[in-house]
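This report concerns only the one structure given below.
What follows is calculated from the coordinates using simple rules that are stated; it is not laboratory data. Everything numeric in this text was worked out from a predicted model, so none of it was measured. Backbone-built Cβ (ideal geometry, glycine too); neighbour counts: all protein chains shown.
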Amino acid sequence: MKNKFSLLIFSLVLMFLLGNFERVFACSCGQASLCSNYNNAKYVFVGKVVKYEKTKGNYVLGEVELEVLEGFVGTKKGEILKSISRMDSACSFTFEKDLTYLIYGFQLPTNSLLGENAFWTTTCSRSREILKDSFYFSEDITFLRSLPDEKSGGKISGKVYKLQFIKNELEEIPFSEIKIEISEIEKDKNYFVFTDKNGKFEINVPIGNYKITPVLPENLKLSYTLDKPFGIRKGGCRDINYRVEETQKNK
């Protein structure tokens with residue numbers, strides 16, 4: 001009986017330790033939106049690992065060089081960028097020789113050991129290996145290729161929706177035909193676009209600073225206020241989602 005009790009205690013302790021081990025080492029950073037990743041990255045490109053030099057460090061597996069196959073931000077086809085393959089946390093990004101990746105890269109200091117044109121990335125940034133079967137159907141690739149070029153300005157997109165419980169599950173209910181007014185602050189220019197059947201909208205605009213306002217019918221109001229001006233950089237984007245709710249008199 002004593003042995004059985006000791007075995008039970010040991011099992012419970014082991015389960016506790018393993019559970020905490022998973023929580024400590026699991027990557028729980030979450031992934032930002034496509035547009036947010038794009039805006040924050042120094043380099044966005046599709047590249048192939050053409051050089052891999054293994055290192056003897058505890059966590060750095062090797063130094064890598066990638067040839068750019070298609071550049072979206074900060075680089076262009078044919079250039080060589082450097083990075084490291086590392087395993088010092090669950091969010092670390094590892095590379096393998098001859099594989100192709102979609103990279104959202106963040107700039108390393110110019111005095112880093114890798115020198116210029118060097119970047120770091122993580123699994124949280126949407127960087128990932130590109131599989132041949134899914135390459136041209138990738139959500140990221142489709143989004144990146146749809147952005148205006150740097151000479152054309154940038155893209156503003158978003159959606160208008162409300163949250164509603166349907167069969168005990170919280171779902172998004174889109175609103176179509178909602179007018180979205182967009183004002184370019186410095187030049188006093190105005191643009192507008194309407195949401196589609198999925199409640200989504202998008203419009204290409206010149207580089208500049210903007211303020212955006214959804215024109216809602218009387219039976220709807222914003223769940224929170226989003227009226228802070230924002231800038232659009234060359235070839236950049238901005239995602240703005242509006243959650244609405246019915247006014248009290250219509251509930």
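Using the eigenvalues of the Cα gyration tensor, what equivalent ellipsoid semi-axes result for segment 138-245 when each is taken as the square root of five times the eigenvalue, whole Å, largest first? Please list the in-between numbers first.
Numbers: eigenvalues 135, 64, 22 Å².
Calculated on Cα positions only, the semi-axes equal 26, 18, 11 Å.
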| Amide H to amide H, which residues 5 or more places from residue 41 or on other chains are under 5 Å from it, using H placed in the peptide plane? | none
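Among 80, 166, rank each residue by its count of other Cβ atoms within 10 Å, from fewest to most, as a rough exposure measure. Show your work: numbers first, answer last.
Details: 80 13, 166 8.
So the residues, fewest neighbours to most, are 166, 80.
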| request: Could you list which residues have their amide H under 5 Å from that of residue 93, counting only those 5 or more apart in sequence or on another chain, with H placed in the peptide plane? | output: 86, 123
| query | For residue 54, which aspartates and glutamates qualify as cross-link partners when the Cα separation must be under 16 Å and same-chain residues fewer than eight apart are set aside? | reply | 63, 65, 88, 96, 98
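With respect to the cross-link table entries 159/189; 159/228; 51/77; 48/159, which display a Cα-Cα separation exceeding 26 Å? Mind showing how you got there, number by number?
Working: 159/189 22 Å; 159/228 17 Å; 51/77 17 Å; 48/159 35 Å.
With Cα atoms farther than 26 Å apart: 48/159.
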| Arranged by the count of other C-beta atoms within 10 angstrom, fewest first, what order do 175, 106 take? | 106, 175
| said: For a quick check: with amide H placed at 1.01 Å from N, whose amide H comes under 5 Å from residue 185's, ignoring anything fewer than 5 positions away on the same chain? | reply: 209, 210, 211
